[in-house]
1. If I ask for residues that are open to solvent by less than 90 Å² (accessible area, probe 1.4 Å) and over 18 Å from V109 (Cβ atoms), which ones from the range 18-33 would you list?
2. Scan the range 91-118 and report the pairs whose first residue is open to solvent by 20 Å² or more (accessible area, probe 1.4 Å) and whose second residue is of a type in the set (S, T, Y), with Cβ atoms within less than 7 Å and a gap of 6+ or a chain change.
3. If T121 meets every condition in (1) over 22 Å from T18 (Cβ atoms); (2) open to solvent by 40 Å² or more (accessible area, probe 1.4 Å); (3) of a type in the set (S, T, N, Q) apart from one, which number is that one?
4. Looking at D44, D107, D53 in this structure, which one is closer than 13 Å to P3 by Cα, out of contact with any Phe, Trp or Tyr (no Cβ under 9 Å at 6 or more places or on another chain) and of a type in the set (D, E)?
5. Being part of a helix (DSSP H, G or I) and among the hydroxyl-bearing types (S, T, Y) is the filter; apply it to the range 54-85 and report the residue that is farthest from K108 (Cα to Cα).
6. Return only the number of the condition from (1) small (G, A, S); (2) over 21 Å from H17 (Cβ atoms); (3) out of contact with any Lys or Arg (no Cβ under 8 Å at 6 or more places or on another chain); (4) open to solvent by 40 Å² or more (accessible area, probe 1.4 Å) that S85 does not satisfy.
7. Out of the residues in the range 16-29 meeting the condition of being under 15 Å from the mean Cα position of the chain (by Cα) and in a loop (DSSP other than H, G, I, E, B), tell me which one is nearest to I92 (Cα to Cα).
8. Which residues, taken from the range 34-53, are assigned to a loop (DSSP other than H, G, I, E, B) and open to solvent by 80 Å² or more (accessible area, probe 1.4 Å)?
Amino acid sequence: DGPFLYPRGDAVAVDVHTVLGLVGAQVTEVRMYESRPVQILSKDIQNIMQNTDLKGILFFSRQNARVFHSLIMLPENAFLWGCFSRLVALCISGPVLECIQDLPWKDKVIAPVPDLKGMVTALSTMK
């Protein structure tokens, strides 16, 4: 199975990379925002999204999803819009999914419980 991108903020309460690695998931973490969101999508995220092995994108917060959505919708990122047809949005909750649901995802998965264990459960059902 392909790797996952975890765009995140600078404040990290849980080491997602290590925890999801315990179930065999390959996760690349890229800091997408600090206390204020960036104004452009980083080259790192652009390159990772264009990687055809990427299976999905993890969203652990509404802020995370809103920032990602606002950046991906910028006209200069239109070249990435075709990537969504092969990507799964894995969201910690329904409200998080609402922030990105209008993107043309291959599939959308909501964790059964809105915590890290729920995300691990949802991730493991995708394999």
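The values are calculated or read from the model by the stated rules, or taken from the named source; none is laboratory data. Just so you know, these numbers come straight off a predicted model, no measurement behind them. Note: ideal-geometry Cβ built from the backbone for every residue, glycine included; neighbour counts use all protein chains shown. Areas reflect the complete protein model, heavy atoms only, side chains present, ligands, DNA and RNA absent. Shrake-Rupley method; radii C 1.70, N 1.55, O 1.52, S 1.80 Å.
1. First pass over the range 18-33, keeping only residues open to solvent by less than 90 Å² (accessible area, probe 1.4 Å): 18-21, 23-25, 27-30, 32-33.
Residues satisfying the conditions are T18, G21, T28, E29, V30, M32, Y33.
2. As it stands, the answer is P104/S85; K106/S85; I110/S93; P112/T121; P114/S93, since those pairs meet every condition given.
3. T121 satisfies all of (1) over 22 Å from T18 (Cβ atoms); (2) open to solvent by 40 Å² or more (accessible area, probe 1.4 Å); (3) of a type in the set (S, T, N, Q) except (1).
4. Working: D44 fails: closer than 13 Å to P3 by Cα; D107 fails: closer than 13 Å to P3 by Cα.
After applying the criteria, what remains is D53.
5. Let us first name the residues in the range 54-85 that are part of a helix (DSSP H, G or I), namely 62-72, 75-85.
After this cut, where a residue has to be among the hydroxyl-bearing types (S, T, Y) as well, the list is 70, 85.
Numbers: S70: 18, S85: 11 Å.
Restricting to residues being part of a helix (DSSP H, G or I) and among the hydroxyl-bearing types (S, T, Y), the top hit is S70.
6. (3)
7. Taking the range 16-29 first, the residues under 15 Å from the mean Cα position of the chain (by Cα) are 16-17, 20, 25-29.
Then keep just the ones that are in a loop (DSSP other than H, G, I, E, B); that gives 25-26.
Values: A25: 16, Q26: 18 Å.
Restricting to residues being under 15 Å from the mean Cα position of the chain (by Cα) and in a loop (DSSP other than H, G, I, E, B), the top hit is A25.
8. Across the range 34-53, the qualifying residues are E34, S35, R36, Q39, I40, T52, D53.
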